[in-house]
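Quick notes on the structure that follows.
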Amino acid sequence: MSGRRERQVAGLEYLELVTTLLQAARRAHPTAGVWEAGDLQWWWRRDQHADAAEATFWLDGEQPVAAVVCTNWGDRIGCDVLGADPDEAAVMKVAWPHARQHVETHRDLPVEMTISDDDNALLDAIASAGFEPTEEVGVETWMTADARPAVPQLPTGFTLVSRADAPVRPLPMIGRNGEHVAERLAECSLYRPELDLAIYDADGEVAGYSLFWADPVTGVGLVEPMRTEDRYHRKGLGRVILAAGLDRLAAHGCERLKVTFIVGNDAARNLYLGAGFLPATRSRTYRRAVADQR
């Protein structure tokens, strides 16, 4: 990566650069890599990267070509080695050594990396750095927008509402993501209130919600997160909100749609595969425990 400059960035500058990098990666390959730009924009709710040391980028001119990003999840640190071109071996020569060195600075929390099963270079590298495989395996699934399912009718007594329809209503995801989640989402370039959906029952209680990310640069529509509250399971609400969101992603110009589920979550697997998503790649989370930090 001779001639490319290194920069450490924080805050909204980080968010812009990592978005640009992941958009370039998706344009370079239709399925390679684990994350979409929308994934890391969703993570913004938890970590606004105030410390520039946690996000190092390598740039060719003004374009990011690689990065090492560490995200603080509270009980663990997520570390990601990202490249704009999955076929460029030179990224590993610079980004991975930096990542390995930087992992050593995190001694109080375990460090995790989620890596695609076909990323052989990075898998070989982490084995010598003390990372061990966990049981968390993700399955990335895709469909074309024209294969999306028809939107079923909602059961009687339930209403589908977008954030654009009710902008002052508290977000249903506050309980799991903090009181500032709406403020954080508003700072994300890919967030669209009309793609932030929730289903309410007749008493105004939240039955389920989902967020859909339309990326105009890559043409990919991402589903993340999605939840049906426990007491409303087996009513078909997940099928409705998923199909409604996919329909809106298509209306926003998305040609390909993506969602990931964790192996063992049969409800999610059945929902997504039943809607027509097709498995493409797998990824696994690897962990370096606190006791191994040296």
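Worth a mention:
- P(r) tail fraction, the chain - alpha-carbon pairs more than 26 Å apart, %: 46 percent
- Whole-number percent relative contact order across region 164-222, with pairs defined as alpha carbons under 8 Å at least 6 apart: 26 percent
- A convex hull fitted to the Cα coordinates of region 144-294 yields 163 cubic angstrom per residue.
- Divide the volume of the convex hull around the Cα atoms of region 205-253 by the residue count and you get 65 Å³ per residue.
- Dividing the mean sequence gap of close Cα pairs (under 8 Å, 6+ apart) by how many residues region 10-134 holds gives a relative contact order of 23 percent.
- Portion, in percent, of the accessible area of the chain that falls on carbon or sulfur, probe 1.4 Å: 47 percent
- Label point 7 Å beyond Cα of residue 234 along Cβ direction - residues of region 135-167 with amide nitrogen under 15 Å: none
- Principal axis extents of the C-alpha atoms in region 244-292 (largest first, rounded to whole Å): 49, 23, 18.
- Share of pairwise Cα-Cα distances greater than 24 Å in region 1-119 is 18 percent (whole percent).
- Three principal axis lengths of region 103-233 [C-alpha, angstrom, descending]: 56, 39, 32
- Measuring between their Cα centroids, region 165-219 and region 245-294 lie 19 Å from each other.
- Taking every C-alpha pair closer than 8 Å and separated by at least 6 residues, the mean separation divided by the residue count of region 87-246 gives a relative contact order of 19 percent.
- Relative packing of peptides 197-207, 155-165 - highest average C-beta neighbours within 10 Å first: 197-207, 155-165
- Using a probe of 1.4 angstrom and keeping all protein chains present, the accessible surface of the chain works out to 46 square angstrom per residue.
- Rg to Rh, two decimals, where region 167-218 supplies the alpha carbon set and Rh follows Kirkwood: 0.99
- Region 202-287: proportion of alpha-carbon pairs further apart than 17 angstrom, %: 52 percent
- FRET efficiency, residue 134 to residue 161 (Cβ-Cβ, R0 35 Å, nearest 0.05): 0.45
- Nearest-0.05 FRET efficiency for residue 217 and residue 50, computed from C-beta distance (R0 25 Å): 0.40
The values are calculated or read from the model by the stated rules, or taken from the named source; none is laboratory data. Remember, predicted model here, so these are calculated numbers, not experimental data. Neighbour counts run over all protein chains shown; Cβ positions are idealised from the backbone, glycine included. Surface accessibility is based on the protein's heavy atoms, side chains included, excluding ligands, DNA and RNA. Shrake-Rupley method; radii C 1.70, N 1.55, O 1.52, S 1.80 Å.
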